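Visitor: Dumping the structure here so I can ask a few things about it.
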Amino acid sequence: MRSTLLASTVLACAGWGFGVPSNSTVSAVEAATKPSTTPEARKEPIAGTTLEIELVKVPGSADGSIKPLWVARTETLWDWQDICIYKRDQKDGASGNAAADACTRPTKPYTAADRGFGHGGFPAVSISFDSAKAFCEWLSAKTGRRYRLPTVAERQHLCARSGITADTMKDHAWTFENAKDATRKAGSLKADASGLHDLYGNVREWCVAPDGTGVLMGGGYEDKASEIACDTALPNTEDWNASDPQFPKSIWWLADGPWAGFRIVCEE
Amino acid sequence: MIEHAPVDRRTFIQGVAASAAVMAAPGVLAAGRRAEALRVGVIGCGGRGTGAAFNALEAAEATKGAVRIVALGDLFPERVEGARKGLAEKGEMGTVAEKNCFTGFDAYKGVIATDCDVVILATPPGFRPGHFQAAIAAGKHVFMEKPVAVDAPGVRTVLAAAADAERRKLSVVAGTQRRHEQCYLEAMERIHRGDLGKVVGARCFWNQQGLWDVEPRADRSDMENQVRNWLYHAWLSGDHVVEQHVHNIDVVNWAFQAVPERCVATGGRQSRTQTKYGHIYDHFACDFTYPGNRFALSMARQQEGTDGRVQEFIHGSDGVAELSSGSAAILGAKAWKFAGKQRNPYVQEHIDLQSSIRGGAYLNEGKRIAESTLCAIMIRMAAYRGKEITWEQAMNDTEDLMPKVLQFGPNPQAPVAIPGQGA
C-alpha cells in the first residue's frame, strides 16, 4: 500500500511528500534495517510557508572526529528550493526576515531544471555547488540555525553507518536498474539504519572537500548499483555545465548535471 | 555612443540591400581563403550572442580551423563592453578592435559593414528579420538564433532573404540546436526509416517555471524598458510560446516532414500578472492538424511552482519516440535508446556552419526555421484571437508588431490580448 500512503501524505503536506506519515518517524526505519534504537528526529518549519524539513540525529564517530549531526532525512526537495529561488515565502506582500532577504539567491533557470522528472516531492537537480551552498546560507538566515553541506568525512561517516550492502542496495537506492532514467520521489524507498533516505541513489549529493571545494558523492538514478560507492567523491568539473549556451555560464545551474543534488545538515 | 536618431527599419533595410548588392562576395570561400581565419561579427551581445561567439571559437578549436571574432554590436554599450572583455579571455581570436564595436539601434549596420565573413544574429527576435535581410544582402554567412521573427511580415522577410542566400550559396544555420544534436539526429533517422511504423501524431512541451525579468525603471523610456525586459513584449519576443516553444514545434515538423495545415489554441495570463511582466501570456495549449489527418498537441507554460517538461513525443503505429535534450529513446517494436556520446550541440551547430562555409555540405536552414517560427506564431494568433488559424492565414497575416520608429522614447505597451475581443 506504499503508493496509497504516498498519495495521502502528499495531499496532507501540501506537496511535501516524501512518504513518511507526518506523525511518525519510525515506520520507514522499521521497514528498513531495524536499528536497535529509534533515531531521534525533529521537524523544522520554513517560516512563511507550510513546509517543514525533517532532520534525523546521527551520532558522532567513536573517535570523536565526527560530531553528532542533524541530517536531512531526504535530499533537498524542489519544494524547499522553490521557496528560496522564487521567494515564495514572501507572497502577498509578506516579508521574510531581513537576513534571509539579504541573501544572494540562485537566479531562475532558463529551462526546466527539473528535467520533467517530477517536481513536488522530488529531489532538486541540476544544482551547482555554489547554488547548494547559497541555499544553506539562505535557510540558515531564514531559520536562525546553522545549515550547511556535509563534509566528505561526515558523508563517509553516514555511509559507514548506513547498514546498506551490495545485496540490500536495491531496497534503498534508485539506480540505473530501477529508476527508469529519472529521479524518483524522495524517500520512496526504505530508509537506512540512520533513518536517512536515498543516501546511495536518486541524486548525487554535494559535499565539501577538505580544501573547501565541492565534490559530488553517492550515486544517482543513472548509475549502476554495482558502480556506486557511497563514499566516492567526484571533483567538480566544468564538463557538468559545458552546454550552458549563455556567457557567462550560470554559476547556479548545471546544464549537464541532471543528477546533481544535495542534502543539508544542521549542527544544532 | 548610442545613436538617438530615429530609424525607419524598412527604409534603411532597402538602403543596405541596394549598396550591398554591388559588393556581395560569392558564398563559398575562394580556395585561397579556406585556410584563413573566418571573421565573425556579433550582432546582439547579451548572454546568448556572446555565448554563441564562444561556441564559434570552440567549434574552430574542435576542428583545428581558424575563427576570429572581429566585430561586436549591441543596442547597449555595456553589453558590447561585457562581450569584448569576456571574449578577450580567448586571446587573439577573441580580441576585437574598438573601432569595430558598435552601439545603438544601427549597431548591426556597423558590424555588417566590417570585413567579417559571418554574422551571429542574437538580438531579441523582433529585430531578426531586418538584420538577417541586411546580412544576406551584404553577402554574409549567418548564424541566427531562434525564433527568427515575431510576426508574419517578419517571417516573409526571412523567407525572401533565405531564398536569396540559397541563390548565392550563403550558409545559414539557425539556433535550433536539436537539429545538430546527435541523439536527435539518430532518432529522426529511425523515425524516418519507419521504426515507429506510420507516424500518426505528436505531443510537445515547453513547460517550465518563471524566467528572468528586468524590472522597468521610471528613469528609462518605454522603449528602453521594453528592450531590456524584452521577453515580456510580443513585438520583441513573439510571446514566450514563440521565443522558446519554437524548439519543440521544429522537432515535430522534422519528424512529420511537414508543416501544419491549421491550429486551434488557448492561453492566458494567470500567475504572471504584475506590470513588470508586460502583456504576454504565461500559458498556451494548442492542437495542430498536419497533412494526412495527423495531429500534434503542443503546450507551453511559464508559471512558478509548476512541473517542468521540455520534451517531444512522436507517436507511430508501432511505437513512440521520447526526445529531449541529451536523451532519445524509442519504445515499441523497434525499441532503441541513445547511448552514444555527443558533442555540445551549441558547438556542433557552429562546426556544421563553418564546414558549410568552407565548402563542405551546404547548409541553409533559413526557410525551415522561418516555417517553424511561423508555427509558433500561429499558436499565439490562435490563442490571442480565439480563432482557428490556417497555415495560409498565418503566412499572409498583415499584423506588423514592430514599432514604426525605433528610438528611445514613448512606446505604449500592447494590451493583454483577450480572446474574442481583438483583431
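Visitor: Considering only region A:100-114, state which residues are touching an Asp or Glu at 6+ places or on another chain (Cβ under 9 Å), hydrophobic (A, V, I, L, M, F, W, C) and more than 7 Å from every other protein chain (Cβ to nearest Cβ).
Guide: Of all residues in region A:100-114, those touching an Asp or Glu at 6+ places or on another chain (Cβ under 9 Å) come to A:100, A:103-104, A:106, A:108, A:110, A:112, A:114.
Within this subset, residues satisfying the condition of being hydrophobic (A, V, I, L, M, F, W, C) are A:100, A:103, A:112.
Result: A:A100, A:C103.
Visitor: Of all residues in region B:44-61 being away from chain A (no Cβ under 12 Å) and among the hydrophobic types (A, V, I, L, M, F, W, C), which is farthest from B:I351 (Cα to Cα)?
Guide: Going through the qualifying residues, I end up with B:A60.
Visitor: Additional query: If we keep just the residues of region B:207-224 that are crowded, with 18+ Cβ neighbours inside 10 Å and among the polar types (S, T, N, Q), which is farthest from B:I249 (Cα to Cα)?
Guide: B:Q209
Visitor: Let me ask something additional. Please indicate, with yes or no, whether at least one residue in region A:230-246 is surrounded by 15 or more Cβ atoms within 10 Å (Cβ to Cβ), within 18 Å of the chain's Cα centre (by Cα) and part of a strand (DSSP E or B).
Guide: Scanning region A:230-246 turns up at least one residue that is surrounded by 15 or more Cβ atoms within 10 Å (Cβ to Cβ), within 18 Å of the chain's Cα centre (by Cα) and part of a strand (DSSP E or B).
Visitor: Just to be sure before I move on: is B:G73 within 14 Å of chain A (Cβ to nearest Cβ), buried (at least 18 other Cβ atoms within 10 Å of the Cβ), closer than 18 Å to B:V119 by Cα and at pLDDT 95 or above in the structure I sent? Let's see the steps before the verdict.
Guide: Working: within 14 Å of chain A (Cβ to nearest Cβ): no; buried (at least 18 other Cβ atoms within 10 Å of the Cβ): yes; closer than 18 Å to B:V119 by Cα: yes; at pLDDT 95 or above: yes.
No; evaluated as a whole, the condition is false for this residue.
Visitor: Taking the options A:L234, A:L254, name whichever one is more than 10 Å from chain B (Cβ to nearest Cβ), touching a residue at least 12 places away in the same chain (Cβ under 8 Å) and closer than 21 Å to B:A53 by Cα.
Guide: Details: A:L234 fails: closer than 21 Å to B:A53 by Cα.
The unique qualifying residue is A:L254.
Visitor: Then there's this: Would you be able to tell me the number of residues in region B:333-360 that are within 22 Å of the chain's Cα centre (by Cα) and under 23 Å from B:I191 (Cβ atoms)? Don't jump to the end; show me each part of the working.
Guide: Applying the first criterion (within 22 Å of the chain's Cα centre (by Cα)) to region B:333-360 yields B:343-357.
If we keep only those that are under 23 Å from B:I191 (Cβ atoms) as well, we get B:343, B:345, B:348-349, B:352.
Going through region B:333-360 one residue at a time, the tally reaches 5.
Visitor: Still on this structure, I have one more. Suppose we keep only residues that are surrounded by fewer than 16 Cβ atoms within 10 Å (Cβ to Cβ) and either among the charged types (D, E, K, R) or touching a Lys or Arg at 6+ places or on another chain (Cβ under 6 Å) (or both) within region B:319-363. Which one would you say is farthest from B:E181 (Cα to Cα)? Step through it out loud before you land on a result.
Guide: We begin by selecting, within region B:319-363, every residue surrounded by fewer than 16 Cβ atoms within 10 Å (Cβ to Cβ); these are B:331, B:333-335, B:337, B:339-341, B:359-362.
With the extra rule that they be either among the charged types (D, E, K, R) or touching a Lys or Arg at 6+ places or on another chain (Cβ under 6 Å) (or both), the set shrinks to B:334, B:337, B:341.
Values: B:K334: 21, B:K337: 15, B:K341: 10 Å.
So, considering only residues that are surrounded by fewer than 16 Cβ atoms within 10 Å (Cβ to Cβ) and either among the charged types (D, E, K, R) or touching a Lys or Arg at 6+ places or on another chain (Cβ under 6 Å) (or both), the one farthest from B:E181 (Cα to Cα) is B:K334.
Visitor: Which of the residues spanning region A:159-184 are surrounded by fewer than 24 Cβ atoms within 10 Å (Cβ to Cβ) and within 13 Å of the chain's Cα centre (by Cα)?
Guide: A:R184
Visitor: I've got another one for you. Of the numbered conditions (1) within 12 Å of chain B (Cβ to nearest Cβ); (2) touching a residue at least 24 places away in the same chain (Cβ under 8 Å), A:T76 fails exactly one; give the number of that condition.
Guide: Failing condition for A:T76: (1).
Visitor: Based on this model, can you work out whether A:I83 counts as among the β-branched types (V, I, T) and within 14 Å of chain B (Cβ to nearest Cβ)?
Guide: Working: among the β-branched types (V, I, T): yes; within 14 Å of chain B (Cβ to nearest Cβ): yes.
Yes; evaluated as a whole, the condition is true for this residue.
Visitor: Say we look at region A:115-126 and pick out the residues that are at positive phi and within 8 Å of chain B (Cβ to nearest Cβ); which of these is surrounded by the fewest Cβ atoms within 10 Å (Cβ to Cβ)? Steps first, answer last, please.
Guide: Applying the first criterion (at positive phi) to region A:115-126 yields A:115-116, A:118, A:121, A:126.
Subsequent filtering for residues that are within 8 Å of chain B (Cβ to nearest Cβ) retains A:115-116, A:118.
On the way: A:R115: 23, A:G116: 17, A:G118: 19.
Step by step, filter region A:115-126, then rank; the result is A:G116.
Visitor: Hey, another quick one. Collect the residues in region A:46-61 that are closer than 14 Å to A:Q156 by Cβ and part of a loop (DSSP other than H, G, I, E, B), keeping them in residue-number order.
Guide: Initially, region A:46-61 is screened for residues closer than 14 Å to A:Q156 by Cβ, giving A:58, A:60-61.
A:G60, A:S61 - these are the residues of region A:46-61 that are closer than 14 Å to A:Q156 by Cβ and part of a loop (DSSP other than H, G, I, E, B).
Visitor: Select from region A:62-80 the residues that are among the aliphatic types (A, V, I, L, M) and outside any strand (DSSP E or B) and write down the one among them that is surrounded by the fewest Cβ atoms within 10 Å (Cβ to Cβ). Please lay out each step first, then the result.
Guide: Pass one, region A:62-80, residues among the aliphatic types (A, V, I, L, M): A:62, A:66, A:69, A:71-72, A:77.
Restricting the remaining residues to those that are outside any strand (DSSP E or B) gives A:62, A:66.
On the way: A:A62: 7, A:I66: 20.
Looking at the filtered set, the residue picked out is A:A62.
Visitor: Within region B:225-253, how many residues are buried (at least 20 other Cβ atoms within 10 Å of the Cβ), away from every other protein chain (no Cβ under 14 Å) and charged (D, E, K, R)?
Guide: 2
Visitor: Would you call A:E137 crowded, with 23+ Cβ neighbours inside 10 Å, modelled with pLDDT of 95 or more, closer than 30 Å to B:S271 by Cα and more than 11 Å from chain B (Cβ to nearest Cβ)? Full working, then the answer.
Guide: Values: crowded, with 23+ Cβ neighbours inside 10 Å: no; modelled with pLDDT of 95 or more: yes; closer than 30 Å to B:S271 by Cα: yes; more than 11 Å from chain B (Cβ to nearest Cβ): yes.
Against the criterion (crowded, with 23+ Cβ neighbours inside 10 Å, modelled with pLDDT of 95 or more, closer than 30 Å to B:S271 by Cα and more than 11 Å from chain B (Cβ to nearest Cβ)), A:E137 does not qualify.
The values are calculated or read from the model by the stated rules, or taken from the named source; none is laboratory data. These numbers come from a predicted model, not from an experiment. Note: ideal-geometry Cβ built from the backbone for every residue, glycine included; neighbour counts use all protein chains shown.
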